[in-house]
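J.: Okay, here's the structure, questions in a sec.
The values are calculated or read from the model by the stated rules, or taken from the named source; none is laboratory data. These numbers were taken from a predicted model, which means no experiment stands behind them. FYI the Cβ positions are ideal-geometry reconstructions off the backbone, even for glycines, and counts take in every protein chain you see.
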Amino acid sequence: MSTGFSVNMTYIRRAFQRRRKEPSMAVHNNTWRDYALIFLPYVWMLIFFLLPFLIIFKISLSVTEIAIPPYSPLVTFEEGAMQIILHLENYTSIFTDPDGTYIRSYLKSLQVAAFSTVFCLLIGYPIAWALATSKPAVRNVLFMLVIMPSWTSLVVRIYAWMTIMKKDGLINDVLMALGIIDSPIQMLQTDFAVYVGIVYCYLPYMVLPLFSALMKVDYSLIEAAYDLGCRPVKTFFSTLVPQTKNGIIAGSMLVFIPALGEYVIPELLGGKSSILIGRILWQEFFNNRDWPLASAVAITMLVILIIPIMIFYKIERREQEKLYAGK
Amino acid sequence: MTTERAAAAQAAAEENTAAQQNQPVKQMHLPGQLPGQKPTPQQQNRKPILEIKHLTKQFEAFTAVNDVDLTLYQGEIFALLGSSGCGKSTLLRMLAGFETPTSGSILLDGRELIGVPPYKRPVNMMFQSYALFPYMTVKQNIAFGLKQSKLPKAQIEERVEKMLRLVHMEEYVDRKPYQLSGGQRQRVALARSLAKEPRVLLLDEPMGALDKKLREQMRLELVDIINSVGVTCLMVTHDQEEAMTMADRIAIMDKGEFLQIGGPREIYENPNCRFCAEFIGSVNIFDCHLITSNAAQSLIASKDFKNNIELTHDIDLADGMPLTIALRPEKIYISHEEPEEKTNWCEGTVENIAYLGDISIYYVRLIGGRIVCATLPNVDRFKTGLPTWDDHVYLSWDPESCIALTF
Amino acid sequence: MRVNKPAAARLVIIILTLVFLYLPIGTLIVYSFNESKMVTVWTEASLKWYGALVHDKAIIDAVGISLLIAVLTSCTAVVIGTLAAFVLVRVRSFKGESAFVLFMTAPMVLPEVITGLALLLLFVTLGNVIPFFSDRGVIAIWIAHVTFCSAYTTVVIRSRFRELDISIEEAAMDLGAGPIKVFFAIILPAIMPAEVAAFLLSFTMSMDDLVITSFIAGPDSTTLPMLIFSSVRRGLSPEINALATIIVAIVSVCTFFAWLSMTRKQKRMAADRAKAARAMLIEEKAVIEHRRLYKSKA
């Protein structure tokens, strides 16, 4: 986790000179040793990351059977001839389900993920700003304090919210004692609780990229904008936002993508109405033991996520290139 | 310390003059035979130590070093001078073993170096950033290379001590690199690369990471240390002043090729091409054509002024062919009176004067419109009055001052 | 006196943030010392839930399994992360490089349900060929955890790697150290802080993972988060409060030490800079001396 870095212009200039002078930095003649080094991580990721997705895709094209494993084989041999049967039922049933459960839960998941992202951004930006502009010593402490909850168990954090959002929990008690409400309000099992949970758990993932983006901001631009008669709000959108654009996008993707498939938070805090797609997948898999359908749900989710993942990947690469130029 | 250094400088100067006296007095303006220039390594009967033959390095479509030949002699300081991207660093890195040449050979003491990994080559390098190991003290840094060659402990201790004395860093043995100033870091880096007694010392932009004000001092100090050890040294720099003060011989490099190899004086006074003339110092370049040439005299006409240029030597070119005349600003005389000679002068108006304290640079617009640069010391020895703005002046020069360049 | 607006705003934001982040955890800790079984009604202080925790064999077993997996995972993930970081920073432009980067970034953002399902189906499929994979125990969980932790360790170690000056490695090689020696004597000490950070990060993530583990784990291997999750689903229990308090305490202590070492390092760096500055002053005097000497000669 980067704690931000100051950018020194002379450094960058020298780095550019260096790169031009030594093309070897850009074009490296790989040796067998380099390939030996690539081997382990690459093969690991191929087997344990790429291969599983091919398998999911394969299984999503079969139908459920009462067998071990509980799905029909894709390739069968009948009378000596090889038969490949691709079942598209799983996909069609997702879209043509009479109750519209799947479609509705996809839309609900998108909605929850999108709103959570916006909330995280609205809350996270001021926090990141407060961190980035504090004195270095204070900044270290605050930084640690903001990050620390995410190092404790997720379930424990959700559990903590369950205890204070209960009917007789701390929040209701305080609100009643203050006379704001007369009778306890139902917070658990509502969408509100899900939003609170997601924002609480994903906030650090938003704050971190924003923080490191804000650390790199050239604050003299703000002064220049003020000097040229720009109003605060306009200044914010014309100087800070463009400079932290990559941080904003990276943070948003870090919240949006995992939130879309979130299972634990809606399961523990959400009610019947928050049937998100993560829960559907879980239920199909564990309760109904319909592996092919669960796979089809996962593949559909992946298709939805391809665009955000590609955006995140692009941003990551661009930041990387920038760092290369800066080093 | 300083008096010692002064004495050393004095000794070096005496040696220099002694070397000159041994030389027969010769005609001026022939390559390698200028007054004040050290004799070439061949003249000193030095032994070649490093021979580079037909060395080429290609990065995909880009040729960084193109068919370069170079011989380094025992004990000399040789500088590769060129702007960034000219291939000088690539050449150096090939010698150190960090790049593999596409073709050619590098012979060190007659042994082929290509294919030998960097950690087995008897050459050491001082990096531009010094590349000191940040987690080790000064002592550990210097001892690192010795430890790799598995020397006995006592010997390592002794050698480290010697190196520390050599670079005057005895007081700082236990410091880490971050606790040192720029100049001290450079000394540690130098000591570290000298500790293994390399056959050839490679210096990559030795002053590149130093403050401007420190450079001047460190240059002389570095040369003193290198000379006292007697190591052969190949340095890479983009700073002509650095190359000229430190090196015995300089190679000017451009686009992966050597344009000229010679002593500092030779390179300045006798550039062999327009690029070299313009690269070192400032120069006025005139496009001309040859009128006639014989053994004693050559006549050249310039487009920029009406009088001809006259040289006192032969030019190997057909009459009427174009050529370039280069003229250094400090070799131009400025006067208010018209010269008596028929050749080697022109006239114009002082357009601008840049006052630099010791000298002034005069920008004189010739009648044809061309601006010529001339420098003049700010002393009016003959009390004739120094030229000032809008004065009509005559610029003249000696025939030997003109450099005729055919490409 | 004028109020410093940004400073005031900063203070308010920081206070609100800390309240939001720590209020739930704080309540959790307070009620772990509650005598009553009711998590929300305070009766009197007691340590009885901690006692119950120690005697709960299921929890002790789960902690053991989780710790084992976390240690194994962190060690492997750090090794893979170091290799991957080295490859990404030093060995530029090889075939399939962008695919490699994608593999290394995607597990960080992918919803856990997808990763979990994918890995489970992989193990089932592989299990048909190699029976070893059908046993969905510690090793299967370890592999799954390494897969997603490697992405994080790579990012952490890579960012440190990029700060390294390649010429320092070249210098070591130039002075006669072979590639392996260079790695252990030069690179490793330089990236050690990142290695430690990466280890701790994958340790906490492995300890904390619920969804992926739930997919993978067979009936015999219940990790701590799985146990907490199933118990929380059944209802609130003060025992979980006690457990949570212990977890928070351990994390806080570790965080404190991390902060301490960070502060110390900064202090050391400041001291180094001061020393360097003093050395520079001496050097400046030497420059003036040198100028005088050489100018007088000129």
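J.: Being aliphatic (A, V, I, L, M) and touching a helix residue (DSSP H, G or I) at 6+ places or on another chain (Cβ under 7 Å) is the filter; apply it to region B:174-199 and report the residue that is nearest to B:Glu221 (Cα to Cα).
T.: That would be B:Leu190.
J.: Checking B:Gln155 against (1) of a type outside the set (Lys, Arg); (2) more than 10 Å from every other protein chain (Cβ to nearest Cβ); (3) touching a residue at least 12 places away in the same chain (Cβ under 8 Å), which test does it fail?
T.: Result: B:Gln155 fails condition (3) only.
J.: Now for a separate question. Identify, from the list A:Leu188, A:Leu145, the residue that is within 11 Å of another protein chain (Cβ to nearest Cβ) and part of a helix (DSSP H, G or I).
T.: The unique qualifying residue is A:Leu145.
Yes/no matrix, rows are residues, columns are (1) surrounded by 15 or more Cβ atoms within 10 Å (Cβ to Cβ); (2) within 18 Å of A:Gly247 (Cβ to Cβ); (3) touching a Phe, Trp or Tyr at 6+ places or on another chain (Cβ under 9 Å); (4) at pLDDT 85 or above:
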{"site": "A:Leu281", "(1), (2), (3), (4)": "yes, no, yes, yes"}
{"site": "A:Phe286", "(1), (2), (3), (4)": "no, no, yes, yes"}
{"site": "A:Asp290", "(1), (2), (3), (4)": "yes, no, yes, yes"}
{"site": "A:Leu293", "(1), (2), (3), (4)": "yes, no, yes, yes"}
{"site": "A:Thr300", "(1), (2), (3), (4)": "yes, no, yes, yes"}
{"site": "A:Ile306", "(1), (2), (3), (4)": "no, no, no, yes"}
{"site": "A:Lys314", "(1), (2), (3), (4)": "no, yes, no, no"}
{"site": "A:Arg318", "(1), (2), (3), (4)": "no, yes, no, no"}
{"site": "A:Glu321", "(1), (2), (3), (4)": "no, yes, no, no"}
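J.: What number goes with the only condition from (1) surrounded by fewer than 21 Cβ atoms within 10 Å (Cβ to Cβ); (2) touching a residue at least 24 places away in the same chain (Cβ under 8 Å) that B:Asp204 does not pass?
T.: Condition not satisfied by B:Asp204: (1).
J.: Quick one: would you say C:Ser150 is surrounded by 24 or more Cβ atoms within 10 Å (Cβ to Cβ) and not hydrophobic (A, V, I, L, M, F, W, C)?
T.: Details: surrounded by 24 or more Cβ atoms within 10 Å (Cβ to Cβ): yes; not hydrophobic (A, V, I, L, M, F, W, C): yes.
Yes, satisfied.
J.: While we're here: Quickly run through region C:14-32 and pick out the residues that are free of Cβ contacts under 8 Å to residues at least 40 places away in the same chain, within 26 Å of A:Asn172 (Cβ to Cβ) and surrounded by 13 or more Cβ atoms within 10 Å (Cβ to Cβ).
T.: Of everything in region C:14-32, those that are free of Cβ contacts under 8 Å to residues at least 40 places away in the same chain, within 26 Å of A:Asn172 (Cβ to Cβ) and surrounded by 13 or more Cβ atoms within 10 Å (Cβ to Cβ) turn out to be C:Leu16, C:Thr17, C:Leu18, C:Phe20, C:Leu21, C:Tyr22, C:Leu23, C:Pro24, C:Gly26, C:Thr27, C:Val30.
J.: Next up: Which ranges mark the helices (runs of 4 or more DSSP H) fully within region A:229-327 that have 3 or more residues being under 29 Å from A:Asn90 (Cα atoms)?
T.: Output list reads A:245-260, A:264-269, A:277-282, A:291-326.
J.: Return the only residue of C:Gly81, C:Gly96 being at positive phi, assigned by TED's automatic domain parsing to the domain that holds C:Asp61 and either under 25 Å from the mean Cα position of the chain (by Cα) or surrounded by fewer than 17 Cβ atoms within 10 Å (Cβ to Cβ) (or both).
T.: Matching residue, one of C:Gly81, C:Gly96: C:Gly96.
J.: Could I ask something else about it? Scan region C:134-143 and give yes if some residue there is aliphatic (A, V, I, L, M), facing another protein chain (nearest Cβ under 9 Å), part of a helix (DSSP H, G or I) and farther than 20 Å from B:Ala131 by Cα, otherwise no.
T.: Among the residues of region C:134-143, at least one is aliphatic (A, V, I, L, M), facing another protein chain (nearest Cβ under 9 Å), part of a helix (DSSP H, G or I) and farther than 20 Å from B:Ala131 by Cα, which makes the answer yes.
J.: Do we find a residue being touching a Ser or Thr at 6+ places or on another chain (Cβ under 9 Å), more than 30 Å from A:Asp218 (Cα to Cα) and not charged (D, E, K, R) anywhere in region A:244-259?
T.: Yes.
J.: So which of B:Glu341, B:Glu351, B:Glu330 is within 30 Å of B:Glu241 (Cβ to Cβ), outside any strand (DSSP E or B) and touching a residue at least 12 places away in the same chain (Cβ under 8 Å)? Please lay out each step first, then the result.
T.: On the way: B:Glu341 fails: within 30 Å of B:Glu241 (Cβ to Cβ); B:Glu351 fails: outside any strand (DSSP E or B).
Within the list B:Glu341, B:Glu351, B:Glu330, the selection yields B:Glu330.
J.: If I filter region C:125-136 for residues that are surrounded by fewer than 24 Cβ atoms within 10 Å (Cβ to Cβ), in contact (Cβ under 8 Å) with a residue 40 or more places away in the chain, in the same structural domain as C:Ala151 (by TED's automatic domain parsing) and not acidic (Asp, Glu), do I get at least one hit?
T.: Yes.
J.: Moving to a separate point now. Here is a list of conditions, (1) within 18 Å of C:Val129 (Cα to Cα); (2) surrounded by 16 or more Cβ atoms within 10 Å (Cβ to Cβ); (3) touching a residue at least 12 places away in the same chain (Cβ under 8 Å), and A:Leu74 meets all of them except one; can you say which number that is?
T.: Result: A:Leu74 passes all but (2).
J.: Which of the residues that make up region C:17-52 are at the interface with another protein chain (Cβ under 10 Å from one of its Cβ atoms), over 26 Å from the mean Cα position of the chain (by Cα) and of a type in the set (A, V, I, L, M, F, W, C)?
T.: Those that are at the interface with another protein chain (Cβ under 10 Å from one of its Cβ atoms), over 26 Å from the mean Cα position of the chain (by Cα) and of a type in the set (A, V, I, L, M, F, W, C): C:Val30, C:Met38, C:Val39, C:Val41.
J.: Also, I was wondering about something else. Among C:Leu121, C:Leu117, C:Leu88, C:Leu164, which is surrounded by 20 or more Cβ atoms within 10 Å (Cβ to Cβ), within 23 Å of A:Glu319 (Cα to Cα) and aliphatic (A, V, I, L, M)?
T.: Exactly one residue qualifies, and that residue is C:Leu88.
J.: Restricting attention to region A:275-295, report how many residues are more than 11 Å from every other protein chain (Cβ to nearest Cβ) and under 12 Å from A:Ile59 (Cβ atoms).
T.: Count: 2.
J.: Among the residues in region A:249-256, are any touching an Asp or Glu at 6+ places or on another chain (Cβ under 7 Å), away from chain C (no Cβ under 11 Å) and crowded, with 24+ Cβ neighbours inside 10 Å?
T.: no
J.: So which of B:Gly145, B:Gly97 is at pLDDT below 95, within 18 Å of C:Ile186 (Cβ to Cβ) and not assigned by TED's automatic domain parsing to the domain that holds B:Ala251?
T.: Among B:Gly145, B:Gly97, only B:Gly145 is at pLDDT below 95, within 18 Å of C:Ile186 (Cβ to Cβ) and not assigned by TED's automatic domain parsing to the domain that holds B:Ala251.
J.: What residue, among those in region B:207-239 that are within 24 Å of B:Lys57 (Cβ to Cβ) and modelled with pLDDT of 90 or more, is surrounded by the fewest Cβ atoms within 10 Å (Cβ to Cβ)?
T.: Only one residue fits best here, namely B:Asp239.
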